[in-house]
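Asks: Input: one structure, supplied below.
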Amino acid sequence: MLDIKNLHVKIADEDTEILKGVNLTVNPGEVHAIMGPNGSGKSTLSYVLSGKEDYEVTEGSVTYDGADLLDMEIEERASAGLFLAFQYPIEIPGVPTMTFLRTALNAQRKARGEEELTTPAFMKLVKEKAQQLKVRPEMLKRPVNVGFSGGEKKRAEILQMAVLEPKLCVLDETDSGLDIDALRVVAEGVNALRSPDRAMIVITHYQRLLEYIVPDVVHVLSNGRVVKTGGKELALELEANGYAEFETEAA
Amino acid sequence: MQMNSAVEKTPAEAAYLVAFDGDGLPSGPAWLDSQRSAARAAFVASGLPHRRIEEWKYTDLRNQLAAGYPPLGEAPLADVARFQEMIAASPFAGLDTARAVFADGVFRPELSNLALGDDVDILSLAECLDEAPDWVTSNLGQVMSRPDNAIAALNMAFARHGAAVRVRGRQEKPLELIFLHTASGHHTVTNRNLIVVEEGAHAHILESHLGASGQEYLANIVTEISVGKSAVLDHVKVQMEADGAVHLSDVNIWLGENANANSFVASTGASVSRNQVFAEFGGEHTNLNLSGACMLAGSQHCDTTLEVDHAVPHCTSRELFKLVLDDTSRGIFQGKVSVRPNAQKTDGKQMAQALLLAETAEFDAKPELEIFADDVVCGHGATAGDLDEEHLYYLRARGIPKREAMALLIAAFIGEAFDEVTSDDVREALAGFAGAWLDQHTERG
Ligand SMILES: Nc1ncnc2c1ncn2[C@@H]1O[C@H](COP(=O)(O)OP(=O)(O)OP(=O)(O)O)[C@@H](O)[C@H]1O
Ligand SMILES: [Mg+2]
């Protein structure tokens, strides 16, 4: 489903290289966890997948569903089923959440040649998903993320994901900022989306999330490279020993 | 005012001077004739305003009016179907309103619907002048704090047609004043409106200015609004003149004690437009809210010039103007707030914000505070910026195409000005109006 080969990335206006040859293959149905020290390039990788323009790919390739992902516009990637739950979701004053969600869903459906959803059908869908994720209806009345607490923003990201039903979900530290109950609710929401033709990349610092969303593969990203790949037990190891081992390698 | 007879007359000035000597001038009754001739004399002395006059620094009419715009003689023959089509394009067409329609300046009863109960008098100014009621004779030309300005002087010089409205109770539905322009050739259409809101009454006035595409007229429109003691005014104007038209507007608001006035203007039309609003507080504990939005593209030029005179204590004024500027368009905001020495406890705030969609677009802001009292809270600000890249990225990352994402963000920006409008229905109509502009605009882009 996703094939990242020797990906080198730098910040568009600078020379600093952030990703220094990342290799990663994700098959349908799989859940991959990416762990790694602060500043190792995890968010950068997720941004590059989503098409953020602040970064420049200097080498390597990313194939998504057989297509050259790096050649696609940001919105094309989303319509093709790529979803990034942001580490720091931003607020967009003046754009009502419901308008935003409906516009996004219908734009994606239109791009895929599917029929747009009627307003009642859309309302029903959002209400249902919001209830499952314990997102208060009052939050949906506000502009996108405006005035949401840190945890509420993360939950709102997962609500968007549940409504848009993407094929490849990239969760960038969705667990940080969530209280214990919210973590469970969000994990349930994510698990509800697990299916044989969907894949997930879960970026996290904590083993705890991976108890709920059990990964098939765990990678360690350090200093812009995947330095170790293993099964779910790797996460436990990291929890116990930290990243010291890899940091020496990188240096 | 400086005599500028030594300066060569521009074609526009010359055309007006010729008209002053012609026989098509409005005449009668005597009380109005004296105001008209004083106005003509004022224009003869001053000519068109130009950039060396401080208030006209950014809108140089001497330069910008390249042709003569003689007053339109006979209104063209009726084409009711065409007019009705234009009326249907008004952003307020879907609302339940009473209507007074002026086509090429002239009141058209067959297009109008004046049924608005006993508490509202709606008169065609031209038809009521010979036996004008007291509320017309005592107010027309009197609710003007700056009668000497060029737009007002030219308007009075040709004043004859327009609406005279008196509201004595609570209006059950809005009254829409519709100004249609269909005549071809360069010409001036002059309209003058008087709105008198009596003590304790609540007026709800909508204005739409609609032009047939391709026409190159100059619309000169002066509206005098007197808001009596404890009265409320809701006033919303939409300017959708033809692309090649000139729209010169002068709105004058006088507020009595305890009055509340809310006046909003949205502009998308005309090649050159100027909206002047002069407001004067005549009584204490009075609130004034002026707001507006303009959306411009191509080489459009829209100037909003406000003067708020806090002449008495304990009054509040709020101004919020939003401009969306693309291509080489130019938006201008001049806002002057004066607080006189005795006007203690004045609370005045002003903000103008421009969203520049192109590097070649220009926003000029000139806020002015003239404060002579010490116990006041006043502030002003002006900002200009482009669309937030992070916002755009977030929306696109959810699958919203760039153009649509831009439209959402522009609507959000402009929507803050619409929020100042009190009626839900009217606000919704304005959102539709902005949406239509954005659709058309983003398609084109
Ligand atoms: N737009 C940018 N401008 C400057 N530096 C950047 C930019 N984006 C990323 N970086 C730098 O690149 C490095 C990787 O950042 P990134 O956000 O990808 O790390 P991360 O692995 O997600 O860290 P964390 O665990 O703290 O979220 C950091 O040193 C960061 O400062
Ligand atoms: Mg990160």
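Asks: Just to confirm my numbers, what's the Cα centroid distance between region B:345-400 and region A:90-134 in Å?
Replies: 30 Å
Asks: What is the diffusion coefficient of region A:3-86 in µm²/s, taking the Kirkwood radius over Cα pairs and the Stokes-Einstein relation at 37 °C with a viscosity of 0.692 mPa s?
Replies: Reported coefficient: 247 µm²/s.
Asks: Over region A:4-151, what is the relative contact order in whole percent, taking alpha-carbon pairs under 8 Å and six or more residues apart?
Replies: Answer for region A:4-151 is 21 percent.
Asks: Okay, moving on. In a shell of Cβ-Cβ distance under 12 Å around residue B:126, excluding residue B:126 itself, what net charge do Lys and Arg (+1) and Asp and Glu (-1) give?
Replies: Neighbourhood net charge equals +1.
Asks: Against the 2.2 N^0.38 Å scaling, with N counting residues, where does chain B land? I'd like the Cα-based Rg ratio to two decimal places.
Replies: Working it through for chain B, the quotient is 0.94.
Asks: Right, another one. Given the options B:291, B:230, B:27, which has the most mean-square fluctuation in a GNM of chain B, springs set between C-alpha atoms less than 10 angstrom apart?
Replies: Checking each option, the largest mean-square fluctuation is seen for B:27.
Asks: When the helix-only estimate is applied to the protein assembly as shown (DSSP H runs of n ≥ 4, each -39,500 (n - 2.57), divided by the residue count), what is the mean residue ellipticity at 222 nm, nearest 500 deg cm²/dmol?
Replies: Mean residue ellipticity at 222 nm (helix-derived): -8500 deg cm²/dmol.
Asks: Points 7 angstrom from Cα along the Cβ direction at residue B:428 and residue A:205: gap in nanometres?
Replies: Using points 7 Å along Cα→Cβ, the separation is 4.8 nm.
Asks: Now a separate question. Taking amide hydrogens as modeled 1.01 Å from N in the peptide plane, which residues meet the under 5 Å criterion relative to residue B:162, leaving out close sequence neighbours?
Replies: B:107, B:125, B:126, B:192
Asks: Using a 10 Å cut-off around each Cβ, can you sort B:254, B:31, B:56 from fewest to most neighbouring Cβ atoms?
Replies: By the 10 Å Cβ count, ascending: B:31, B:56, B:254.
Asks: Counting only residues 5 or more places away or on other chains, whose amide H sits under 5 Å from the amide H of residue B:334 once H atoms are built in the peptide plane?
Replies: Under 5 Å from the amide H of residue B:334: B:304, B:305, B:306, B:366.
Asks: Label points 7 Å out from Cα along the Cβ direction at residue A:58 and residue B:84: separation in nm?
Replies: Here the modelled spin labels are 7.0 nm apart.
Asks: Over the alpha-carbon set of the protein assembly as shown, work out the extent along each principal axis and list the three values in angstrom, largest first.
Replies: Extents along the principal axes, in whole Å: 99, 58, 51.
Asks: Same structure again: Evaluate the relative contact order of region B:80-209 (contact order divided by residue number), counting alpha-carbon pairs under 8 angstrom at least 6 apart; express in whole percent.
Replies: 33 percent
Asks: How are the C-alpha pair distances of region A:102-186 spread across 10 Å bins, as whole percents from the shortest bin up?
Replies: 16, 47, 30, 6, 0
Asks: Ok, one more. Please compute the contact order of region A:190-251 in relative form: average sequence separation of alpha-carbon pairs under 8 Å and at least six residues apart, divided by the residue count, as a percent.
Replies: Over region A:190-251, the number comes to 26 percent.
Asks: Ok, one more. For region B:387-445, build the convex hull from the C-alpha positions and give me its volume per residue in Å³.
Replies: Output value, Cα hull per residue: 80 Å³.
Asks: Hey, another quick one. How much net charge surrounds residue B:256 when only the other residues with a Cβ under 11 Å from the Cβ of residue B:256 are counted, with Lys and Arg +1 and Asp and Glu -1?
Replies: Around residue B:256, the surrounding residues sum to -4.
Asks: On the principal axes of its Cα set, how long, how wide and how thick is region B:225-372? Give whole Å, largest value first.
Replies: 45, 26, 18
Asks: Sequence-distant or interchain residues sharing an amide H contact under 5 Å with residue B:176, placed H: which?
Replies: B:98, B:99, B:100, B:206
Asks: Excluding same-chain residues fewer than 8 positions from residue A:20, which lysines have a Cα within less than 17 Å of its Cα?
Replies: Straight-line reach from residue A:20, under 17 Å: A:5, A:10, A:42, A:228.
Asks: Now a separate question. Going through the cross-link list A:129/A:167; B:345/B:366; A:52/B:322; A:127/A:154; A:141/B:402, which pairs have a Cα-Cα distance over 26 Å in this structure?
Replies: Going by Cα-Cα distance, A:52/B:322 fall outside the 26 Å limit.
Asks: Whole number please: convex hull volume per residue of the Cα set in chain A, in Å³?
Replies: Hull volume normalised by residue count: 125 Å³.
Asks: Further question on the same structure: Output the antiparallel fraction of DSSP beta bridges having both residues in the protein assembly as shown, as a percent to the nearest 5.
Replies: Once the DSSP bridges in the protein assembly as shown are tallied, antiparallel ones form about 15 percent.
A short reminder: the numbers here are calculations on the coordinates, not readings from a lab. Predicted model, so just to flag it, every value in this text is computed and none were measured. Glycine gets a Cβ as well: all are built from the backbone with ideal geometry, and neighbour counts include every protein chain shown.
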